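Nothing in this text is a laboratory measurement; each read-out follows from the coordinates by a stated rule. The structure presented is a predicted model; accordingly, all values stated were derived computationally and were not measured. Heads up, the Cβs are rebuilt from the backbone with ideal geometry, glycines too, and the neighbour counts pull from every protein chain shown.
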Amino acid sequence: MSRKMIFIDRDGVINKDPGGWTKHSYVTRWEDFVFLPGSKEALKRLACCGYDIIVISNQAGVSKGHYSEEELGSVSSNMIREINKSGGKIRKVFYCIHQDSDNCDCRKPKTGLFRKAEKELGITASGSYFIGDGKTDIEAGKKAGLETILVLSGKTGPEEMKAWESKPDHIFRDLQEAVVFITGRKGR
């Protein structure tokens, strides 16, 4: 039986978006990583329902010199440890550390991180879900052939989304509400 995949953005979905309240508006240290209410429970529910959870996140603060790859790795390790303690399980985390001006293929809305996940994990992303909190998440998910979910727990409000060319397939208040929807669907 093939595993079900779900791709999830980090900031604004799993943890409080750092924009405007942390140094440089990035999570540069574990002390600034604040789980959103219900996010650990939602990740546990996905794991219990047989989903492999893959985190896909832009983290340009590394290339801007606000924190190192080692510091980003430390934040990730702590996040994974806390999620595991709550009964969830992250299969792998993929980050783009570049800025738009670097013109890499991995910075969302490009799909390089999804392709990297497919290659490294031996999976097919197409047909899965991507849960994010912003325009680039929805654009990337659509380009990668995923069913997209926008959560309103991060940087985007419903009014801002009206002007987007790429619209999400579904909109929910937060990760927990999105997961209830996903796990309640038949045949998914």
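Below, the figures for the structure above:
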| quantity | calculated |
| --- | --- |
| Disulfide-incompatible cysteines by the Cβ rule (no partner under 4.7 Å) in the chain | C48, C49, C104 |
| Fully extended contour minus Cα-Cα distance, from H66 to C48, at 0.36 nm per residue | 2.8 nm |
| Among T136, H98, L175 - extreme Cα towards positive end, dipole of the chain, charges at beta-carbon | L175 |
| Label-point separation, T124 to S74 (7 Å along Cα→Cβ), nm | 4.2 nm |
| Close Lys-Lys pairs in segment 1-83, where close means Cα under 20 Å and separation is 8 or more or interchain | 5 |
| Within the chain, percent of DSSP bridges classed antiparallel, to nearest 5 | 5 percent |
| Values of log10 I(q)/I(0), in the order q = 0.08, 0.15, 0.17, 0.20 Å⁻¹, for the chain under a Debye, Cα-only, solvent-free model | -0.22, -0.85, -1.13, -1.66 |
| Computed magnitude of the charge dipole of the chain (debye, nearest 20; Cβ of K, R +1, Cβ of D, E -1) | 700 debye |
| Within the chain, helix-based [θ] at 222 nm, where runs of 4 or more DSSP H residues each add -39,500 (n - 2.57), nearest 500 | -9500 deg cm²/dmol |
